[in-house]
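Input: a single structure, listed below in structure tokens.
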Amino acid sequence: MFVTPTVAGLLSDASEHGGLDVLLPLRTTGDRAPLFCVHPFTGLSWGYAGLARHLESDRPLYGLQSPLLTDPDSAVADVAALAERYLERIRAVAPQGPYHLLGWSFGGLVAHEIAVRLRERGEQVGVLALLDAYPVPQQGPAAQPPTPAEVLGVLTGDPELRRTDPSLSVLPDDEELARLVREANPALAQLRTAEIAGIARAAAGHVEAMRHHLPRRYDGDLLFVTATEDRPEQAPTADVWEPYVGGQVTRVDVAANHWSMTEPAPLARIGAALRQRLDEA
């Protein structure tokens with residue numbers, strides 16, 4: 001089976017929940033080891049769909065999406081639990097390595113933890129690549145849950161709250177929230193209000209999970225892609241991963257901001273870097 005890697009096709013699938021499943025097949029044909037891509041804060045992996053055209057035609061491609069999108073009662077509450085759940089899905093597709101992992105934003109933390117777990121089990125990790133993903137300084141059990149303003153900022157691509165009222169005490173109702181999200185991201189315009197509410201639920205859960213997560217040490221190499229545009233003055237760099245990576249950290253810069261990394265031009269640059277690294281793995 002070949003799944004057409006277009007957001008339009010995924011939107012069509014979403015109406016039957018297929019586009020919101022935890023395992024999202026983007027391309028299932030090919031004999032090479034698959035590349036598994038972990039979602040950002042929104043919980044959706046649709047943005048990776050365009051990556052298929054930049055990889056080998058016989059390289060399967062899968063997205064991993066948050067269970068919070070469709071299950072409000074999901075017991076997944078932290079990065080470790082997400083990593084274990086996704087690892088089960090990964091090994092159902094590929095019982096043996098090498099395993100290739102990509103994570104964008106929050107998904108980078110999860111991909112890194114999956115890589116740690118694979119190595120603990122004696123499995124080979126071929127490629128671990130992170131897209132502008134950083135462990136946060138306010139780590140540990142004392143970290144505060146996200147405020148409504150922070151959740152809305154993530155949903156609308158405004159994490160610095162430049163357009164969002166930082167004093168917002170509650171999220172807008174579902175209809176207004178859906179309107180704001182559709183306005184900020186036209187690709188989601190066809191989603192139902194309840195589905196956008198699921199994205200909000202996932203974003204809130206992932207921000208909190210990020211703040212409580214303490215990365216462990218991965219004993220392999222890392223490919224790190226930095227978004228160079230619109231970076232806050234105190235933005236972290238790839239160096240923050242040095243304590244958590246035992247191998248070499250290779251850095252690649254992409255002319256994009258954090259939220260536009262899966263647009264066509266940045267994705268072409270990312271795809272080229274990934275293809276080279278996959279060829280070497």
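Each peptide in 268-277, 30-39 receives the mean, over its residues, of other Cβ atoms within 10 Å, and ordering these scores from highest gives 30-39, 268-277.
Can you give the direction-averaged projected area of the convex hull of the alpha-carbon atoms in the stretch 26-154, in nm²? Please list the in-between numbers first.
Working: hull surface 34.8 nm².
With every direction weighted equally, the projected area is 8.7 nm².
Could you tell me the calculated FRET efficiency between Ala265 and Glu183, based on Cβ-Cβ distance and R0 = 30 angstrom, to the nearest 0.05?
After rounding to 0.05, the efficiency reads 0.80.
Note on the chain: Cα-only Rg and Dmax are 17.5, 52 Å.
Using only the Cα atoms of the stretch 112-260, build the gyration tensor, take square roots of its eigenvalues as a ≥ b ≥ c, and label the shape rounded, prolate or oblate: rounded if a/c is under 1.5, else prolate if a/b is larger than b/c, else oblate. Walk me through the intermediate numbers first.
On the way: a/c = 1.90, a/b = 1.78, b/c = 1.07.
Here the stretch 112-260 falls in the prolate category.
Of the peptides 84-90, 121-127, 222-228, the ranking by mean beta-carbon count within 10 Å, highest at the top, reads 222-228, 84-90, 121-127. Between Leu61, Leu168, Leu130, find the one with the highest GNM mean-square fluctuation for the chain; connect C-alpha pairs within less than 10 Å. So, out of Leu61, Leu168, Leu130, the one fluctuating most is Leu168. Over 20 Å, how big is the tail of the calculated P(r) for the stretch 62-118, in percent of all Cα pairs? For the stretch 62-118, the fraction of Cα-Cα distances above 20 Å is 19 percent. Rounded to the nearest 500, the helix-only mean residue ellipticity at 222 nm of the chain stands at -10500 deg cm²/dmol, with each DSSP H run of n ≥ 4 adding -39,500 (n - 2.57). For the stretch 228-239, the Karplus equation 6.51 cos²θ - 1.76 cosθ + 1.60, evaluated at θ = phi - 60°, returns couplings of 8, 9, 6, 7, x, 4, 9, 4, x, 10, 4, 4 Hz by residue, with Gly and Pro reported as x. Descending by average beta-carbon neighbour count within 10 Å, the peptides 205-218, 185-198 line up as 205-218, 185-198, the highest first.
Taking only C-alpha pairs under 8 Å that are 6+ residues apart, what is the relative contact order of the chain in percent? Could you put the intermediate results ahead of the total?
Values: 541 pairs, mean separation 55.9, N = 281.
Dividing the mean separation by the residue count of the chain yields 20 percent.
Every number here is computed from the coordinates shown, using simple stated rules; none is lab data. Remember, it's a predicted structure, so these values are computed and weren't measured experimentally. Heads up, the Cβs are rebuilt from the backbone with ideal geometry, glycines too, and the neighbour counts pull from every protein chain shown.
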